[in-house]
Amino acid sequence: MKDGDELLSLEMKISRFLRWGVLAAGAVMLVGWVGSLIRIHAGWSGNPYAIFETYHSAPFLREIGSAFQAGSWPILLSYLGLVVLIALPMTRVFLTMVLFFKQKEKTLALVASIVLFLLLLSMGLGLEI
Amino acid sequence: MYSLFLVLVSVFGGFLGSILGLGGGIIIVPVLTLILHVDIRYAIAASLISVVATSSGAAAGFLKDHLTNLRLAVLLEVGTVTGAITGFLIGKSVKASFLFLLFGVFLLLSAIMMLKRRDEAITTENHPWAEKLKLDGEYPDPRSGAVIRYSVANVPVGLIAMYFAGMLSALLGIGSGIFKVTAMDGAMKLPMKVSSATSNFMIGVTATASAGAYLFRGQVKPEIACPMALGIIGGSWVGARIMPHLPSGLVRKIFVVVLLVVATQMIVKGIQG
């Protein structure tokens, strides 16, 4: 098997894993969303999106903390699904980097590690600690 | 009722997106903002989550046909992700009215590009960076079965174009595949099928950079993003299976008219502030 074919075959395995990851994240989000719906519609039939008509900043960690304190498991599950989803492409870049290293493709491994670093940097910028 | 409406629109968006080769965000962002009156910044962040979901789920399909240039994708992701970070940072200080205007102009450009025929100009000469990183490749022609070899030109120009595509992706909540493909076809002289497959493969990583940043900033609201992502995943799954049996040319022409109407509404809303 040629190096390129081997790389493609391994990348295929990673991509299939990602497909399952998307399904898992989707399942968690579905449970969270249905849970939220039950809470929202229990006794109120207005527009649940009306609160999003104006933008106001509410950092992720604070939102998680509030949901945790309020025992709002649907919101926590929804956030978990979203975090898993975001982690999937990052995992792909990480595994691609490992593959390039194993194949002694140092330059491309370095390039993949730069992409991974930039992804982590973007998350850090979002956290604004 | 509103939630069901959002799911149905997302299913439709994912369905149409997979038939036309576009991300669902192009449909969902206008629906969220113009019909449900959700702030465009929430709509953009939710749309990026859908882009991540659909592209991660479809990555295996893109690789299976041997059209994706994996080595080139990794290199170009440096450009798209850097652009996405810039877009995220710019987005912090940009007014909502400007985003409406920019989205409207993007829809107009998309409509024009959908009508334009893509020209293929394959090169046999590698750019020095392409030579060093062995970015050239080959793919099997599905009609003749012959192996078609191609080289990669103008790598730095391609990287710069990817930077701007990434920036637009973060600012507007789109995959910006149209711009990536145009740069790969035009500047880098890749075969159209390779450009499309490689662009689709990269979209998830590009969107992750800004989607992750928006999530941690608190701009991704699960009440919007979750039903939207679920609807788009379902819709694109159905669309991919029905696509071979649909007259995509006719759908494309109808969609161009819809795009022009929506673009006008977005621009008007942007001007009105």
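The values are calculated or read from the model by the stated rules, or taken from the named source; none is laboratory data. What you see is a predicted model, and the numbers here were worked out from it, not measured in a lab. As a convention, Cβ positions derive from the backbone with ideal geometry for all residues, glycine included, and neighbour counts pool all protein chains shown. With ligands, DNA and RNA removed, areas are computed over all heavy atoms of the protein, side chains included. Shrake-Rupley method; radii C 1.70, N 1.55, O 1.52, S 1.80 Å.
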Study note, to complete from the structure: Ordered by number, the residues of region B:213-233 with at least 50 Å² less accessible area in the assembly than alone (1.4 Å probe) are B:LEU215, B:PHE216, B:ARG217, B:LYS221, B:PRO222, B:GLU223, B:CYS226, B:LEU230
Exercise for review: State log₁₀ I(q)/I(0) for chain B at q = 0.10, 0.12 Å⁻¹ as given by the Debye formula over alpha-carbon point scatterers of equal weight, solvent excluded.
Suggested key: -0.48, -0.70
**Study point:** Hydrodynamic radius by Kirkwood, which averages 1/r over all alpha carbon pairs of region B:151-273, in angstrom
**Key:** 16.9
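So what is the relative contact order for chain B, in percent, with contacts set as C-alpha pairs under 8 Å and at least six apart? Could the numbers behind the result be given before it?
Details: 476 pairs, mean separation 105.1, N = 273.
Answer for chain B is 39 percent.
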Practice item. Could you check which residue among B:MET184, B:MET113, B:MET167 shows the biggest mean-square fluctuation in a GNM of chain B with a 10 Å Cα cutoff? Key: B:MET113
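When Cβ neighbours within 10 Å are restricted to other protein chains, what is their mean count per residue of peptide A:7-16? Could you put the intermediate results ahead of the total?
Working: counts 2, 5, 1, 0, 7, 4, 2, 3, 11, 4.
Mean partner-chain Cβ count within 10 Å for A:7-16: 4.
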Review point. Say the cut-off is 21 Å between C-alpha atoms; which of B:LYS95/B:LYS269; A:LYS104/B:LYS132; B:LYS180/B:LYS269 go over it?
Key: B:LYS180/B:LYS269
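Roughly how crowded by other chains is peptide B:164-174, in terms of the mean Cβ count from those chains within 10 Å of each of its Cβ atoms? Working shown, then result.
Working: counts 0, 0, 0, 0, 0, 0, 1, 0, 0, 0, 0.
The shielding value for this peptide is 0.
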Review point. Just the Cα atoms of the protein assembly as shown: what Rg and Dmax do they give in Å?
Key: 20.4, 68
Review point. Hey, what number do you get for chain A at 222 nm if only DSSP H runs of n ≥ 4 count, each worth -39500 (n - 2.57), divided across all residues, to the nearest 500?
Key: -28000 deg cm²/dmol
Point to revise | Relative packing of peptides B:221-233, A:115-127 - highest average C-beta neighbours within 10 Å first | key: B:221-233, A:115-127
**Study point:** Summed buried accessible surface, chains B and A, 1.4 Å probe, nearest 100 Å²
**Key:** 5500
Check your understanding: Hey, what's region A:3-126 come to in accessible area per residue, 1.4 Å probe, Å²?
Key -> 51
Check your understanding: How large, in percent, is the carbon and sulfur part of the accessible surface of the protein assembly as shown at a probe radius of 1.4 Å?
Key -> 68
Revision key, fill the gap. Note to self, chain B gives a 222 nm [θ] from helices alone (DSSP H runs n ≥ 4, -39500 (n - 2.57) apiece, / all residues, nearest 500) of -24500 deg cm²/dmol
Exercise for review: Let me know the mean shielding of B:199-210 by other chains, meaning the per-residue number of their Cβ atoms within 10 Å of its Cβ.
Suggested key: 4
Point to revise | Distance in nm between pseudo-label sites at B:ARG143 and A:ILE64 (7 Å out along the Cβ direction from Cα) | key: 5.3
Exercise for review: Using a cut-off of 14 Å between beta-carbons, work out the net charge of the residues near B:ILE233 (Lys and Arg +1, Asp and Glu -1, B:ILE233 not included).
Suggested key: +2
Practice item. Have a look at B:GLY14, B:PHE164, B:PRO222 and report the one farthest towards the positive end of the charge dipole of the protein assembly as shown, computed about the Cα centre with Cβ charges (Lys/Arg +1, Asp/Glu -1). Key: B:GLY14
Practice item. Give me the distance between the Cα centres of region B:16-57 and region B:148-226, rounded to whole Å. Key: 15
Review point. Of A:LYS13/A:LYS102; A:LYS13/B:LYS189; A:LYS102/B:LYS64; B:LYS134/B:LYS189, which ones are farther than 20 Å apart at the Cα?
Key: A:LYS13/B:LYS189; A:LYS102/B:LYS64
Exercise for review: May I have the extent of the alpha carbons of chain A along their three principal axes, as whole Å values ordered from largest to smallest?
Suggested key: 63, 31, 25
Practice item. Provide the solvent-accessible area of B:HIS37, counting protein heavy atoms only and rolling a 1.4 Å probe, rounded to the nearest 10 Å². Key: 90
